[in-house]
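First comes the structure, then the notes that go with it.
Where a number appears in this text, it was derived from the coordinates with a stated rule and is not lab data. This is a predicted model, so every value here is computed, not measured. FYI the Cβ positions are ideal-geometry reconstructions off the backbone, even for glycines, and counts take in every protein chain you see.
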Number of protein chains: 2
Amino acid sequence: MRKFIFIVAAVLTALCAQAITNEELVEIQKTKKYTELWGQRATLFNTLGCDSTSIVMLGNSLTHGDEWHELFNDHRILNRGINGDVIQGIADRLDAVVDGHPAKIFLLSGTNDVSHNLSADSIAEAAGKLIDLIRERTPQTKLYVQSIFPINNVDYKRYKAMFGKDQVIRDINVRLKEICKEKGVTFIDVYPHLADENGNLRKDITNDGLHLLGQGYLIWRDVLDPYIKE
Amino acid sequence: MRKFIFIVAAVLTALCAQAITNEELVEIQKTKKYTELWGQRATLFNTLGCDSTSIVMLGNSLTHGDEWHELFNDHRILNRGINGDVIQGIADRLDAVVDGHPAKIFLLSGTNDVSHNLSADSIAEAAGKLIDLIRERTPQTKLYVQSIFPINNVDYKRYKAMFGKDQVIRDINVRLKEICKEKGVTFIDVYPHLADENGNLRKDITNDGLHLLGQGYLIWRDVLDPYIKE
């Protein structure tokens with residue numbers, strides 16, 4: 001009898017945890033005033049899904065801009081980046097990632113939250129909550145958290161919302177590292193590999209002070225390579 | 001002696017046909033006032049390259065938005081789309097595609113040229129020149145040209161530059177089909193699969209009247225599937 005009740009409870013739980021629909025994702029996009037691109041990509045990701053062999057690159061434009069499976073010559077690697085996405089936006093489309101219980105998730109988020117004038121503490125706290133959510137929803141997935149990338153407002157003047165935000169990014173990264181240590185999550189500090197001696201995004205690997213050119217993606221690849229392969 | 005001269009000539013030709021550099025691509029981007037994203041993606045594509053097994057999806061935001069290797073579960077399929085790209089922009093970054101002499105190229109371009117107020121004839125003519133260029137540079141590649149997708153300005157009012165352009169798109173598609181027939185290139189008419197009975201992009205597969213939601217990509221996939229597999 002006990003076993004029967006357990007099975008019924010398990011079935012009910014599974015039914016309640018029914019996957020989100022594309023229509024619901026578009027509704028979230030409209031309600032929260034996310035970009036149309038968010039709705040397009042979130043529904044695509046929901047349509048494609050992922051599975052326990054997948055390695056998911058989860059993040060914003062930096063992740064979106066790459067062709068990951070080519071960069072690593074590994075078809076298991078999936079691009080789950082959306083230009084302009086923020087930490088809450090990633091949380092709002094998490095079902096399509098965590099329901100597949102991928103082998104690994106590489107998270108990179110926070111840059112757009114910085115451009116929205118939030119404090120380092122509040123952004124680090126939001127990132128910590130996202131980390132908790134991912135681990136709760138898919139404990140079997142190995143989670144890697146990447147530091148926020150440096151920016152360059154000296155050689156490039158493209159993103160006014162990022163002016164004077166260099167220290168905010170560095171403060172978040174210090175907190176992110178501590179949070180990852182507390183939670184037992186692997187922290188990958190990509191920042192120093194992309195920064196020049198003054199802490200600016202190296203001007204030879206960007207054309208706008210925020211995003212990477214092809215040669216920048218090669219550096220990022222080399223940093224992630226041991227974690228992809230381990 | 002004749003053989004020697006032949007070898008020297010071949011080596012000189014190879015040296016002259018040296019691949020474009022990422023620096024040159026960024027210079028083209030600045031000179032032609034393409035978006036920074038164009039520079040980022042064009043240099044990434046140049047860094048990644050492709051080879052004779054590759055199937056290249058070449059185009060603008062519609063191509064860019066997808067994760068092609070996942071949609072077809074085929075790691076040979078490469079995304080060479082750039083948001084906002086125009087026919088000339090594709091021509092300007094063609095080296096990274098044609099130098100690898102891919103097995104197939106699926107071309108989809110012209111929507112952004114339409115938004116720039118060019119005439120149907122001039123856009124079709126530019127597309128014809130791009131088709132010639134691709135065939136000249138890589139005659140061994142099987143080229144597929146896709147019709148421009150329908151738009152929807154009735155249910156969505158997002159893209160003002162596309163207002164009243166429905167007939168221009170239909171006129172281009174008629175010309176494109178003729179051009180492909182003249183040149184012996186396969187024309188894939190995706191348009192009717194995405195349009196409703198009034199010729200508008202089906203409102204249930206878009207959230208902005210121009211781009212596709214996940215369910216729209218499934219329809220597109222089904223149209224391309226026989227050509228991917230043949």
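What ³J(HN,Hα) values, in whole Hz, does the Karplus curve 6.51 cos²θ - 1.76 cosθ + 1.60 give for segment A:51-59 when θ = phi - 60°, with x put for Gly and Pro?
Going residue by residue, I get 9, 5, 8, 6, 10, 9, 8, 10, x Hz, with x marking Gly and Pro.
Give, in nm to one decimal, the length gained when the segment between A:LYS160 and A:ALA91 is fully stretched (0.36 nm per residue of separation minus the Cα-Cα distance).
Residue separation times 0.36 nm, minus the Cα-Cα distance, leaves 22.2 nm.
Kindly flag which residue pairs out of B:LYS33/B:LYS183; A:LYS104/A:LYS181; A:LYS104/A:LYS129; A:LYS142/A:LYS177; B:LYS30/B:LYS142 have an alpha-carbon separation exceeding 26 Å in this structure.
Where the Cα-Cα span goes over 26 Å, the pairs concerned are B:LYS33/B:LYS183; B:LYS30/B:LYS142.
Could you grab the relative contact order for segment A:90-221? Cα pairs under 8 Å, six or more apart, rounded to a whole percent.
Worked out over segment A:90-221, it gives 27 percent.
Report the local net charge at B:ASN198: Lys and Arg +1, Asp and Glu -1, summed over other residues whose C-beta lies under 11 Å from its C-beta.
That works out to -2.
May I ask you to compute the full-extension gain from A:THR31 to A:ASP189, defined as 0.36 nm times their residue separation minus their alpha-carbon distance, rounded to one decimal in nm?
53.4 nm
Can you give the average number of partner chain beta-carbon atoms within 10 Å of each beta-carbon in peptide A:25-38, as a whole number?
2
Between copies, how far apart are the A:GLY164 label points? List them in nm, one decimal, shortest first, with each point 7 Å from Cα toward Cβ, please?
4.5
From the phi of every residue in segment B:69-77, what ³J(HN,Hα) in whole Hz does the Karplus formula 6.51 cos²θ - 1.76 cosθ + 1.60 yield, where θ is phi - 60° and glycine or proline is x?
Along segment B:69-77, the couplings run 5, 6, 4, 9, 6, 8, 5, 6, 7 Hz.
From a point 7 Å beyond the Cα of A:ALA103 in the direction of its Cβ, which residues of segment A:139-155 have a backbone N at a distance under 16 Å?
Flagged as within label range: A:140-144.
Can you name the residue in chain B whose Cβ lies closest to the B-to-A rotation axis, and give that gap in whole Å?
Residue and rounded Å distance to the axis: B:HIS75, 2.
For Cα pairs less than 8 Å apart in space and 6+ apart in sequence, what is the mean separation divided by the residue count of segment A:28-97, i.e. the relative contact order in percent?
After rounding, I find 36 percent.
How many partner chain Cβ atoms sit within 10 Å of a residue's Cβ in peptide A:206-217, on average, as a whole number?
Mean number of neighbouring Cβ atoms from other chains: 6.
Assume the label is 7 Å from Cα along Cα to beta carbon: what separations in nm does A:GLU136 have to the matching positions in the other copies?
In ascending order, 6.1 nm.
With contacts defined as alpha carbon pairs under 8 Å and 6 or more residues apart, what's the relative contact order of chain A in percent?
16
Need the list of lysines near B:LYS165 for cross-linking: C-alpha distance under 16 angstrom, and skip anything on the same chain fewer than eight residues off.
List returned: B:LYS157.
Ranked highest first by average number of other Cβ atoms within 10 Å, how do A:24-30, B:183-189, A:91-97 line up?
Per-residue Cβ counts within 10 Å, averaged per peptide and sorted highest first, yield A:91-97, A:24-30, B:183-189.
Would you mind computing, in nm to one decimal, how far apart the modelled labels at B:GLU197 and B:TYR227 are, each placed 7 Å from Cα along Cα→Cβ?
2.8
If we hang a label 7 Å off Cα along the beta carbon direction at A:LYS30, how far is it from the matching labels on the other copies, in nm, shortest first?
4.4
Ranked from highest to lowest mean number of other Cβ atoms within 10 Å per residue, what is the order of the peptides A:209-221, A:157-169?
Final packing ranking: A:209-221, A:157-169.
Could you work out [θ]222 nm for chain A from helices alone, using -39500 (n - 2.57) per DSSP H run of at least four and dividing by all its residues? Round to the nearest 500 deg cm²/dmol.
The helix-only estimate for chain A comes to -15000 deg cm²/dmol at 222 nm.
Across peptide A:167-180, how many C-beta atoms of other chains are within 10 Å of each residue C-beta, on average?
What the average comes to for A:167-180 is 0.
Pull up the DSSP beta bridges for segment B:72-230 and report the antiparallel fraction as a percent, rounded to 5.
10
Give me the distance in nm between label points sitting 7 Å out from Cα along the Cα-to-Cβ direction at A:GLN140 and B:ASP74, one decimal.
With each label point 7 Å from Cα toward Cβ, the separation is 3.1 nm.
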